[in-house]
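Working notes for the structure below.
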Amino acid sequence: MVGGIQVNKITLGVHLIVKNEADLLPRCLESLAGADEIVVTDTGSGDETRSIARSYGARLYELAWNDDFSAARNHGLAQAATDWILVMDADEVLLTPMADLTALLQTASAQAFTVSIDNRLGPNPEDHLSHRAVRLFRNGQGYRYSGIIHEAVDESIMGRHGAGAIESSDIVLLHDGYLPEIMARKQKTTRNKKLLQLALEQQPDDPFHLYNMAVTCCQEGQLQEAEELLVQSIRQASLRVSYRPTMIRDLCKLYLSGNKLQQLDSLLVHELERYPDYPDLHMLQGQSLELQGLPERAFGAYQRAEVLPEPAKSSGKYVSEHGMYTFRPLHRMGVISQQLGLQEEAARLFHRALSHHPLYRPALLGISSTFQRLEVADDAVAALLIQLTGTDSPAARAAIAETLCDIEAYGALAELSNGILPPEPGTALPTLSAMIISGRLQQADALMAELTVTQATEQEQSSGYPEACWTAWALCQWELYGSLQNSLFTAMPEALCTHLRAVALHLDERKEVLLHSEEVVVEPAASLPLPPSLITSLVRQSVRLKCSSIGQRLVQRFPAYSGVRAAAFYEQGDLQAAGELWITLLQEGRAEGPILFYIGETLYDYGHYDEAVRWFRQALEEEAKPEAARTGLALCYLHQALQELAEAGTKLESTAVEGPLQEDIKAVQSAITLLNHTPWHTEWSFRSKQRRETS
């Protein structure tokens, strides 16, 4: 034994630099059990980070932060006493068993290994992006990190041994640092921007720094600046640099978000020849073609992503979002097949997507709505979802409940509440909604009453359940009893309880509102807070939940919210109910906001473009749905132009297949197709569309 380390065993040390990481560090260090040493360099923590590191047996070193990540990394490397070093951050977790990692090192001939870093980007299982980086390398070779930000050890290793000294490994790290809440709490964007500005002062034309500044601009919402920086960095970067494909991907995403489809297509013509096995680029090409109204060509682009050979899929050589080889392209292919009326093919493609990711909500919604179009009974659709996802996990149960609610299979969902989908945070709201909408008000009230009784503490009663769950229960009780019951007030969060109490008193349903079983509060309505957002939510929910009695009472007491109710009817596909309210609002001079846009949208859908123009203009004047109203207005003008061109052709009695007039007509038709594929128009579920068509 030397220094507590066994000599005849290849040893591994894990190195971290930290600052104020008390919330994340324990999880990271727990994943490192079995490492021969843990070296933590602290750069100025003011929380419990240091004591936490010591409690896990780490060797702790302190270094004043000097705006240089490499300096901190290299300070830790100088303390290493093991044969190999694994570099991690506090917001990462080692997913690979330590035994597998150390077994790899016993026979390794490489100088270093890349590891796969799985970056979580959001709350859904598919919100992940993977990339590879050199994180595992031999100690005692003089390797040093370089770069004050986005530091790397690669150049030091390759400078001594060449690129062949670095091999790929199956080691996986989970990284949470890109989650929005962590980015905001740690103020990473501000910190990174400052360091990148320092780096660019030293190397103004460095493409790597320019690229990372573009990423920072994206995170700050400065998309035009990000685009310009990406174009500059791509122009200056060598074709051989490892991050070049990622820059192409990111620039394409910016072009797509800005609807710059011609630039995107032109870029991909050349770059797909360089990176034919990059699935993200094929997906972006497919999205561009879909927006241009070219579904068959888009289908081919998605198919090229999905059929890439297995070696390309497993190489990990590209930064890629989770599922770009599998469920994402298959889902889009299913959507296109559905749009083309090929429902059986769509169902098959959605099923294949779900075989790769059973909880992928877009594919679950896709296969369910496809079977609705095929006139499959709702209970059979529910059985299919159970078969596809299982019911063992809360996430699976939530996916089933939310999908059935989305396709308006309310009766089938209500039936599943008897054991298969127990009430819990992920299922309570869709299940409660299904019961109320299908007229099972007593059952809905009993469900929530039982749910609150079974909770152990007041904190547990309200935690995890969305506010919409409590307001839906309130609407149920109003509809069922005409007033709110004590069972509701004993369970909900305190702030919401106060606000609902205020609404109840404003409705003057009774002078006394019970808060707890032995307490009665009598207060004048005017003395209680009445948040407008809550009234809006209650009015909208009353429409969705078909609670017409309380919905009518709310707008009678709060007439300013009549427009909210009319908008909610329209968004549910009930054009008749919406239209009746529109007429009243117009007669009273109270039609404003989204109502103006929805009237314009309806006129547009029926081909009354001249009339629709007036309403879209009014919506713009009131800044109601401005982007959508601009698009609707532009489409009206294009349709008017198309009609005039057609009339001109009739007057000229032109029979030419090609010519200036025909080219103009094609250009206008192309522009209409493009704008109609942007998300400007109200979207309805299959059943909402059916309601709208029959109303």
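Ranked by how many other Cβ atoms sit within 10 Å of their own Cβ, fewest first, the residues Val40, Val231, Val543 fall in the order Val231, Val543, Val40.
Within straight-line reach of Lys546, meaning a Cα separation under 29 Å, sit the following lysines at least 8 residues removed in sequence or on another chain: Lys511, Lys625, Lys689. Neighbours of Gln106 by Cβ distance under 14 Å: Lys/Arg scored +1, Asp/Glu scored -1, total -1.
Helical runs (DSSP H, four residues minimum) scored at -39500 (n - 2.57) apiece and divided by the length of the chain put the mean residue ellipticity at 222 nm at -18000 deg cm²/dmol.
Give me D for region 78-222 in µm² s⁻¹, whole number, from Stokes-Einstein with Rh from the Kirkwood sum over alpha-carbon pairs, 37 °C and 0.692 mPa s.
Roughly 194 µm²/s, to the nearest whole number.
In terms of distances greater than 32 angstrom between alpha carbons, the cross-link table entries Lys188/Lys317; Lys9/Lys194; Lys317/Lys666; Lys313/Lys666; Lys9/Lys188; Lys19/Lys260 yield Lys9/Lys194; Lys317/Lys666; Lys313/Lys666; Lys9/Lys188; Lys19/Lys260. A DSSP coil position with no more than 14 other Cβ atoms inside 10 Å describes the following chymotrypsin sites (Phe, Trp or Tyr not before Pro) in region 1-93: Trp65.
Once you sort the root eigenvalues of the Cα gyration tensor of region 1-86 as a ≥ b ≥ c, which label holds: rounded (a/c under 1.5), prolate (a/b larger than b/c) or oblate (the other case)? Because a/c hits 1.5 or more and a/b fails to exceed b/c, region 1-86 counts as oblate. Report, in degrees rounded to the nearest 10, the 0 to 90 angle that the Cα long axis of helix 428-437 makes with the longest principal axis of the chain. Approximately 20 degrees, to the nearest ten. For the chain, find the longest principal axis of its Cα atoms and tell me its angle to the long axis of helix 343-356, 0 to 90°, nearest 10. Roughly 40 degrees between the two axes.
Between Leu530 and Gln690, the contour length at 0.36 nm per residue exceeds the Cα-Cα span by 53.9 nm. Using the Cβ of Gly439 as centre and a radius below 12 Å, the other residues enclosed give a net charge of +1, where K and R count +1 and D and E count -1. Across the chain, Cα-Cα pairs more than 44 Å apart make up 39 percent of the total. Treat the count of other C-beta atoms within 10 Å as a stand-in for reagent exposure and order Trp582, Trp680 from fewest to most. Exposure proxy ranking, most exposed first: Trp680, Trp582.
Under 5 Å between amide hydrogens, built in the peptide plane, is the criterion, and for His15 it picks out Val39, Leu86, Val87, Met88 among residues at least 5 positions away or on other chains.
Applying a DSSP loop filter and a limit of 10 other Cβ atoms within 10 Å to the chymotrypsin sites (Phe, Trp or Tyr not before Pro) in region 206-309 leaves nothing. The shape of region 370-481 comes out oblate: with a ≥ b ≥ c from the C-alpha gyration tensor, a/c is at least 1.5 while a/b does not beat b/c.
Modelled spin-label separation between Asp610 and Gln662, with each label point placed 7 Å from Cα along the Cα-to-Cβ direction: 3.0 nm. Computed over region 578-694, the P(r) curve from all C-alpha pair distances, binned at 5 Å from the origin, holds 2, 11, 17, 19, 17, 13, 9, 6, 4, 1, 0 percent per bin.
Which aspartates and glutamates does Lys186 reach when only Cα atoms under 14 Å apart count, and residues fewer than 8 places away in its own chain are ignored? Reachable aspartates and glutamates: Glu21, Asp23, Asp47, Asp89, Asp91, Asp176.
Shape of region 249-371 from the C-alpha gyration tensor: oblate (a/c of 1.5 or more and a/b not above b/c, with a ≥ b ≥ c the square roots of its eigenvalues).
No lab work stands behind these numbers, since they all come straight from the coordinates. Keep in mind that this is a model prediction, so the values were computed, not measured. Neighbour counts are summed over all protein chains in view; Cβ atoms, including those assigned to glycine, are modelled from backbone coordinates with ideal geometry.
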